[in-house]
1. Looking only at region 73-102, count every residue that is polar (S, T, N, Q) and free of Cβ contacts under 8 Å to residues at least 24 places away in the same chain and tell me the total.
2. Filter region 215-269 down to residues that are of a type in the set (Val, Ile, Thr) and over 16 Å from the mean Cα position of the chain (by Cα) and give me whichever is farthest from LYS164 (Cα to Cα).
3. Could you list all residues from region 2-24 that are among the aliphatic types (A, V, I, L, M) and either in a loop (DSSP other than H, G, I, E, B) or more than 14 Å from PRO247 (Cα to Cα) (or both)?
4. Within region 29-45, does at least one residue satisfy the condition of being basic (Lys, Arg), within 19 Å of THR257 (Cβ to Cβ) and assigned to a loop (DSSP other than H, G, I, E, B)?
5. Just to be sure, is LEU73 at pLDDT 95 or above, closer than 27 Å to TYR250 by Cβ and not hydroxyl-bearing (Ser, Thr, Tyr)?
6. Tell me, yes or no, whether region 25-35 has at least one residue that is in contact (Cβ under 8 Å) with a residue 12 or more places away in the chain, under 22 Å from SER158 (Cβ atoms), touching an Asp or Glu at 6+ places or on another chain (Cβ under 9 Å) and hydrophobic (A, V, I, L, M, F, W, C).
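The values are calculated or read from the model by the stated rules, or taken from the named source; none is laboratory data. Computed from a prediction, not measured in an experiment: that's the story for all the values here. Heads up, the Cβs are rebuilt from the backbone with ideal geometry, glycines too, and the neighbour counts pull from every protein chain shown.
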Amino acid sequence: MKIGILIHQNDRRFIQSDYVINHQVKWWNRKYSIEIIRGLKHRPVVDLLINHVDLTIMPDEYLDFMSSYELVLNRNVVDISKKKISANLVSQNSDYEGKVLVKPDLNDLGFPEYEMKSRITRLVLKPIHYLTKSFDEKSQFKIYDSIGDVPDKYFSNSKYVVEKYLPEYKDGLYYLRSFRFFGDRCLCSTLGSKSQIIKGRNTVIRDDCTPPPEIFEYQKKFDFDFGKFDFTIYNGSVILLDANKTPGYYSALDDETSKYLAEGLDSYL
């Protein structure tokens with residue numbers, strides 16, 4: 001059985017083993033023949049193709065490449081921008097009166113789009129968070145008390161979205177939930193922080209949790225075979241914040257966890 005993993009021709013992070021899938025490959029190698037397909041010049045024969053092109057919106061030429069294969073994981077995950085996945089975006093004319101969050105529309109702050117450029121282009125361009133000084137340099141996100149407090153430039157610039165700020169808050173901590181999955185294998189955890197913008201570096205508590213049924217509905221809605229969803233539960237409702245088809249390495253990813261998720265590939269074979 002031969003498995004192909006399709007990556008962008010300029011994906012340098014894959015070489016550095018920065019992704020979860022890098023840690024799954026070592027387990028797959030024990031059962032399958034694995035080929036990394038870098039770019040579109042070579043079209044090998046494989047039994048299953050894994051779409052691991054780390055861009056928010058899939059380029060047409062990569063979609064055309066995948067169309068020649070019968071079995072492709074994340075074939076239909078074409079657009080994971082916040083404009084696509086968020087149900088809580090607002091405009092300047094919205095009648096919403098609560099707090100709002102300004103954040104980049106692109107996944108991972110637009111770093112993949114920047115990194116996939118040629119070296120010459122990268123010398124000219126900068127990732128999105130270098131383009132404005134009004135974002136907090138540590139978090140790249142900013143919370144405003146109301147829509148009226150948001151500077152006009154964020155509404156007029158397509159690189160940003162403005163979203164209802166719907167936090168999960170309990171006993172003095174803000175919580176973010178992460179749902180990681182591959183095929184029929186899944187894990188769900190909560191991260192607690194004193195900061196409103198939760199990152200791994202400011203997390204003070206991490207626990208396992210049961211994924212709510214609604215998160216599986218999102219998985220079906222956006223046709224994900226594997227990936228990671230970040231969400232909160234606000235007033236009993238699941239609020240999807242981010243959907244990622246190429247999740248990066250994280251500190252809690254040990255051998256046991258990577259093996260467990262890697263075994264989800266068997267559900268497609």
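1. 1
2. Ranking the candidates gives THR257 first.
3. Of everything in region 2-24, those that are among the aliphatic types (A, V, I, L, M) and either in a loop (DSSP other than H, G, I, E, B) or more than 14 Å from PRO247 (Cα to Cα) (or both) turn out to be ILE3, ILE5, LEU6, ILE15.
4. yes
5. yes
6. No, every residue in region 25-35 fails to be in contact (Cβ under 8 Å) with a residue 12 or more places away in the chain, under 22 Å from SER158 (Cβ atoms), touching an Asp or Glu at 6+ places or on another chain (Cβ under 9 Å) and hydrophobic (A, V, I, L, M, F, W, C).
Results for (1) closer than 20 Å to LYS103 by Cα; (2) part of a strand (DSSP E or B); (3) in contact with a Gly (Cβ under 9 Å, 6 or more places away or on another chain); (4) modelled with pLDDT under 95, shown as yes or no for each residue.
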residue: LEU176; (1), (2), (3), (4): yes, yes, yes, no
residue: GLN196; (1), (2), (3), (4): yes, no, no, yes
residue: ARG201; (1), (2), (3), (4): yes, no, no, yes
residue: ILE215; (1), (2), (3), (4): no, no, no, no
residue: PHE229; (1), (2), (3), (4): yes, yes, no, no
residue: VAL238; (1), (2), (3), (4): yes, yes, no, no
residue: THR246; (1), (2), (3), (4): yes, no, yes, no
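Here is a yes/no grid of residues against (1) in contact with a strand residue (DSSP E or B) (Cβ under 8 Å, 6 or more places away or on another chain); (2) more than 30 Å from SER237 (Cα to Cα); (3) surrounded by fewer than 20 Cβ atoms within 10 Å (Cβ to Cβ):
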| residue | (1), (2), (3) |
| --- | --- |
| ILE5 | yes, yes, no |
| GLU35 | yes, yes, yes |
| VAL45 | yes, yes, yes |
| LEU63 | no, yes, yes |
| LEU73 | yes, no, no |
| LYS84 | no, no, yes |
| GLU97 | no, no, yes |
| VAL100 | yes, no, no |
